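A.B. asks: What follows is a structure written as structure tokens; I'll ask about it next.
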Amino acid sequence: MSTLNPADILAQALPYIRKFHGKTLVIKYGGNAMTDPLLQQAFAEDVVLLKLVGMNPVVVHGGGPQIETALKRLGKTGEFVQGMRVTDAETMEVVEWVLGGEVQQDIVGLINQAGGKAVGLTGRDGAMIRAQKLVLHDSQDPNKEYDVGQVGDIVSIDPSVVKALQDDAFIPVISPIGYGENNESYNINADVVAAKLATVLQAEKLLMLTNIPGVLDKQGQLLPELTPRRIDELVADGTISGGMLPKISGALDAAKSGVNAVHIIDGRVPHAMLLEILTEQAFGTMIRSH
Ligand code: ADP
Ligand code: MG
């Protein structure tokens, strides 16, 4: 952690504010940062600050713990395959209520309270996220497939509603729900949505806030930087598993598709996002395109 005093930190921010002025930042909001009230408030304040200094933050949220709580009330338990939530029809309903309702509106409220103007959207709004049923391949044996129910694979993203809101000083808050050909709903991993949206918006940065310091190696040490090759190795030997699989593959896709900076950072550190964007310090894991 830094030993800089507050004045140094503030002075350091100027070149970053200038560099990112008018640029789009896609932020995946997940993990503990979403459940701890102090971290929630710090997150909302950071988003508003970034907007006020002229950047265009776009928030994509997850909600694993909240979905889990709602499922438990119905006597269900969540099941995951390679970090993807197995989604039967009943689980899909819960995902729509919880993500598109409660969680989204909580975030909108927090940002508004911090002085911003947030607008909540799901992938249906503005016909934004078209999806189809995901065919999930085994990360180690591509010939093996899993049926994970109504989990969506993104067909296309139309970002026009997001752009319209940004241009008008609003902060979009997006729930990762897509719609299919027959108007059916799909539960899409929020990391996948954030990554694709960052690509489509040609974002300057993609920041993924999670509940761990970044990507860890076999010994549990933080990996500050990852190349595509190293990622392949870590996936192949099982070091990267579970929820880190969709995160890393989304992050890598975004980096390869021209998003300048892609970082997986620790959402448990208050204001981690602000420090990452506005200071020289490196946080978490940076994903390189080559
Ligand atoms: P989020 O809400 O951020 O999407 P997830 O639980 O989906 O959280 O993904 C993060 C989790 O991925 C970590 O908490 C950790 O348990 C798991 N994980 C698997 N492999 C790794 C790895 N190599 N480095 C870090 N985390 C990993
Ligand atoms: Mg996840």
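A.B. asks: Can you tell me how many residues in region 141-160 are surrounded by 11 or more Cβ atoms within 10 Å (Cβ to Cβ) and closer than 19 Å to VAL86 by Cα?
C.D. replies: Number of matching residues: 10.
A.B. asks: List pairs: first in region 19-31 and within 12 Å of VAL193 (Cα to Cα), second away from ligand 1 (no atom under 16 Å from the Cβ) and at pLDDT 95 or above, Cβ under 6 Å, 6+ apart or cross-chain?
C.D. replies: VAL26/VAL58; VAL26/ALA203; ILE27/PRO57
A.B. asks: Within region 224-260, which residues are surrounded by 17 or more Cβ atoms within 10 Å (Cβ to Cβ) and under 25 Å from PRO15 (Cα atoms)?
C.D. replies: ALA254, ALA255, VAL259
A.B. asks: Out of region 265-290, which residues are in contact (Cβ under 8 Å) with a residue 24 or more places away in the chain, in a loop (DSSP other than H, G, I, E, B) and within 21 Å of ALA44 (Cα to Cα)?
C.D. replies: The answer is GLY267, ARG268, PRO270, HIS271, THR279, PHE283, GLY284.
A.B. asks: Output the number of the condition that HIS290 fails; it satisfies all remaining conditions of (1) of a type outside the set (Ser, Thr, Tyr); (2) under 19 Å from GLU204 (Cα atoms); (3) surrounded by fewer than 20 Cβ atoms within 10 Å (Cβ to Cβ); (4) within 16 Å of ligand 2 (Cβ to nearest atom).
C.D. replies: In the conditions (1) of a type outside the set (Ser, Thr, Tyr); (2) under 19 Å from GLU204 (Cα atoms); (3) surrounded by fewer than 20 Cβ atoms within 10 Å (Cβ to Cβ); (4) within 16 Å of ligand 2 (Cβ to nearest atom), HIS290 misses (4) alone.
A.B. asks: Test each condition in (1) more than 16 Å from ligand 2 (Cβ to nearest atom); (2) closer than 25 Å to VAL59 by Cβ; (3) among the polar types (S, T, N, Q) for SER249 and report the one that comes out false.
C.D. replies: Only one criterion is unmet by SER249, namely (1).
A.B. asks: Test of understanding: among ARG268, ARG288, which residue is more than 14 Å from ligand 1 (Cβ to nearest atom), basic (Lys, Arg) and within 29 Å of ALA13 (Cβ to Cβ)? Spell out the reasoning first.
C.D. replies: Details: ARG268 fails: more than 14 Å from ligand 1 (Cβ to nearest atom).
It is ARG288.
Yes/no matrix, rows are residues, columns are (1) touching a helix residue (DSSP H, G or I) at 6+ places or on another chain (Cβ under 8 Å); (2) within 16 Å of ligand 2 (Cβ to nearest atom):
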position: GLU68; (1), (2): no, yes
position: VAL86; (1), (2): no, yes
position: GLU90; (1), (2): no, no
position: GLY100; (1), (2): no, no
position: ASP125; (1), (2): yes, no
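A.B. asks: Name the residue, out of ALA198, ALA203, ALA251, ALA255, that is under 17 Å from the mean Cα position of the chain (by Cα) and within 13 Å of ligand 1 (Cβ to nearest atom).
C.D. replies: Values: ALA198 fails: within 13 Å of ligand 1 (Cβ to nearest atom); ALA203 fails: within 13 Å of ligand 1 (Cβ to nearest atom); ALA255 fails: within 13 Å of ligand 1 (Cβ to nearest atom).
Only one candidate passes the filter, namely ALA251.
A.B. asks: Taking only pairs six or more apart or across chains, which ones have beta-carbon atoms under 6 Å, a first residue in region 71-82 that is within 17 Å of GLU96 (Cβ to Cβ), and a second residue that is hydrophobic (A, V, I, L, M, F, W, C)?
C.D. replies: LEU71/VAL94; GLY78/LEU71
A.B. asks: What number of residues within region 124-150 satisfy the criterion of being closer than 20 Å to GLU233 by Cα and among the charged types (D, E, K, R)? It would help to see each step written out before you state the result.
C.D. replies: Applying the first criterion (closer than 20 Å to GLU233 by Cα) to region 124-150 yields 136-144.
Filter once more, so that each one left must be among the charged types (D, E, K, R): 138, 141, 144.
Matching residues across region 124-150 total 3.
A.B. asks: So how many residues does region 2-41 have that are among the small types (Gly, Ala, Ser) and either farther than 17 Å from THR279 by Cα or within 16 Å of ligand 1 (Cβ to nearest atom) (or both)? Break it down into steps so the answer makes sense when it comes.
C.D. replies: In the first step, residues of region 2-41 are kept if they are among the small types (Gly, Ala, Ser); the result is 2, 7, 11, 13, 22, 30-31, 33.
When the remaining residues are screened for being either farther than 17 Å from THR279 by Cα or within 16 Å of ligand 1 (Cβ to nearest atom) (or both), the result is 22, 30-31, 33.
Number of matching residues: 4.
A.B. asks: Can you tell me which residues in region 165-195 are among the aliphatic types (A, V, I, L, M) and either within 16 Å of ligand 1 (Cβ to nearest atom) or at pLDDT 95 or above (or both)?
C.D. replies: Step one: filter region 165-195 for residues among the aliphatic types (A, V, I, L, M), giving 165, 169, 171, 173-174, 177, 188, 190, 192-195.
Result: LEU165, ILE171, VAL173, ILE174, ILE177, ILE188, ALA190, VAL192, VAL193, ALA194, ALA195.
Matching residues to (1) surrounded by 21 or more Cβ atoms within 10 Å (Cβ to Cβ); (2) within 15 Å of GLU276 (Cβ to Cβ); (3) within 16 Å of ligand 2 (Cβ to nearest atom):
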{"position": "SER175", "(1), (2), (3)": "yes, no, yes"}
{"position": "GLU184", "(1), (2), (3)": "no, no, no"}
{"position": "ASN187", "(1), (2), (3)": "yes, no, yes"}
{"position": "ALA190", "(1), (2), (3)": "yes, no, yes"}
{"position": "VAL193", "(1), (2), (3)": "yes, no, yes"}
{"position": "GLN202", "(1), (2), (3)": "no, no, no"}
{"position": "LYS205", "(1), (2), (3)": "yes, yes, no"}
{"position": "MET208", "(1), (2), (3)": "yes, yes, yes"}
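A.B. asks: How many residues, within region 209-248, are within 15 Å of SER139 (Cα to Cα), near ligand 1 (Cβ under 10 Å from one of its atoms) and among the small types (Gly, Ala, Ser)?
C.D. replies: Of the residues in that region, 4 qualify.
The values are calculated or read from the model by the stated rules, or taken from the named source; none is laboratory data. Given the structure is predicted, the values throughout are model-derived calculations rather than measurements. Don't worry about glycine lacking a Cβ; one is built from the backbone with ideal geometry, like all the others, and counts go over all protein chains shown.
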